[in-house]
Amino acid sequence: MNTRFHIAVPDNPARLDFVGTSPRSSAVPLVSAAREFFHPTTFTWWMYCVLVLAGSIGASTGIALFDTRVTLMRLLPLFVITLGLFALLILVFDPYRARRFWVMLLAAMAGASIPTWLSMIANGYWAGVVTAVLPDGSGPQWWAAVAGPTSEEWSKAMCVFLIMVIAGASLRRPMHGLFTGAFVGLGFQILENISYASNAALTDINSDVNDALTITVLRSVIGISSHWLYSGVVGAGVAVALGRTVTDVPLWKRLGGFCGFYLLGWGLHFVWNAPAGDSVLTLLLIPVKMIASLVVFGLVLRWCFNQERLFLVEAMDEVAAAGTGHPDLSRLSADQQMRTVVAGTRRQRRTTLSRIRFSDGPEAKKDAKKSRLVLLEALQAWGRRGTGVDELAGASVPPQLRHTAQLR
């Protein structure tokens, strides 16, 4: 089936309607009567602002940015490239278009400031505790494995919690928690790279650039399984704890789910920091630890995908039953091929697109793929109905299907 869509702009620009034809544009007309994150009348919003400001000052002071500013400016392109590549990598894990760009940016800002600052304070305390508790001689070896995950994962989790409460109107599912956590972790990861580069510049007696460059490149390479991954796992747990799942989950199961996801993220971080004794063995274990972390993340991501597909199927059924004024969305109820292209697994989507190509030609396959983006944007907007945040323009939503924004 060759399904085509287009966006039509009526004479009245104040009301944009979604009308079916060509998929040449993936933009969906959205309207916002409310801000997604800017809520200056709420306590949580001011808490975010104050903590980011305090964290920025505390982190920049602790890292000695001023003393090593020349070296760090030379390495700035590498930091920016690393940030961009990992941001794109995270977006690859979003085939169902759940992304919220402003939230991701603000999450990265929070991760680069709040947990960085808090961890600098807490790590020193935990180092003393671990050294005092463990047998003589083992404390200095193991304190990083305990202190790092304990202080850093908890402070990053609190950032995810704060952001998901502030932007509760649009962050409704585990996928949103995973993305928020991943970008909090990415912000933290980049600042940690800067911190290591700064320390190397201060301690290298021969050159303030060589060691800093080597460490930055190395940390950028092994960063494929670093803080963004740990925090993404924990972020999915935060979403569960807040009840941001497609189906209702009892409180005790939500808290148990959060503990499980948190322990996964903490455990991956612990294993990465754990000493292996022999330096050769340490190097050999690096790829093993990276693969193990990616496997665990893949399992968590798969569960989040299942939740997202459940939401999309439910949304397609709702728009068909509601009579939204968008006939092409409503026709999804009878077009099983397009439903699979929109909400199927990767294998199901590829199989269905191959069938479309075989029956209707390569252009039909291209049109279906482009139509999928349009429909996903529309269905994601449908999920925000009644919140005032990027809602689907022109949709008539029956009162029984409306929902209000989460209490912040």
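Scanning segment 100-110 for residues that are under 12 Å from the mean Cα position of the chain (by Cα) and surrounded by 15 or more Cβ atoms within 10 Å (Cβ to Cβ) turns up 100, 103, 104, 106, 107, 108. Residue check: residue 246 meets all listed conditions (1) in contact (Cβ under 8 Å) with a residue 60 or more places away in the chain; (2) part of a helix (DSSP H, G or I); (3) farther than 25 Å from residue 150 by Cβ but one, namely (2).
Could you please let me know if residue 255 is in contact (Cβ under 8 Å) with a residue 12 or more places away in the chain and surrounded by fewer than 16 Cβ atoms within 10 Å (Cβ to Cβ)? I'd like the intermediate steps shown before the answer.
Values: in contact (Cβ under 8 Å) with a residue 12 or more places away in the chain: yes; surrounded by fewer than 16 Cβ atoms within 10 Å (Cβ to Cβ): yes.
Taking the combined requirement at face value, the residue satisfies it.
One line per residue, one yes/no per condition, for (1) exposed (fewer than 13 other Cβ atoms within 10 Å of the Cβ); (2) in contact (Cβ under 8 Å) with a residue 24 or more places away in the chain; (3) within 17 Å of residue 93 (Cβ to Cβ); (4) over 24 Å from the mean Cα position of the chain (by Cα):
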position	(1), (2), (3), (4)
310	no, yes, no, no
317	no, no, no, yes
334	yes, no, no, yes
343	no, yes, yes, no
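If you check 200, 236, 167, 182 for being free of Cβ contacts under 8 Å to residues at least 40 places away in the same chain, crowded, with 21+ Cβ neighbours inside 10 Å and not hydroxyl-bearing (Ser, Thr, Tyr), only one passes: 200.
Of 83, 89, 76, all but one fail to be surrounded by fewer than 14 Cβ atoms within 10 Å (Cβ to Cβ), at pLDDT 90 or above and either assigned by TED's automatic domain parsing to the domain that holds residue 173 or not hydroxyl-bearing (Ser, Thr, Tyr) (or both); the exception is 76. Per this entry, residue 335 is counted among residues that are charged (D, E, K, R) and modelled with pLDDT under 85. When each of 135, 149, 140 is tested for being assigned by TED's automatic domain parsing to the domain that holds residue 59, out of contact with any helix residue (DSSP H, G or I) (no Cβ under 9 Å at 6 or more places or on another chain) and either within 20 Å of residue 191 (Cβ to Cβ) or loosely packed, with under 14 Cβ neighbours inside 10 Å (or both), the lone residue that passes is 135.
Against the condition crowded, with 17+ Cβ neighbours inside 10 Å and either hydrophobic (A, V, I, L, M, F, W, C) or more than 12 Å from the chain's Cα centre (by Cα) (or both), how does residue 115 come out, does it pass? Talk me through it step by step, then tell me what you get.
Values: crowded, with 17+ Cβ neighbours inside 10 Å: yes; either hydrophobic (A, V, I, L, M, F, W, C) or more than 12 Å from the chain's Cα centre (by Cα) (or both): yes.
Judged against the criteria, residue 115 is a match.
The values are calculated or read from the model by the stated rules, or taken from the named source; none is laboratory data. Bear in mind the structure is a predicted one, so any value in this text is a computation, not a measurement. A quick note on method: Cβ atoms are made from the backbone with ideal geometry, for glycine too, and the neighbour counts reach across all protein chains shown.
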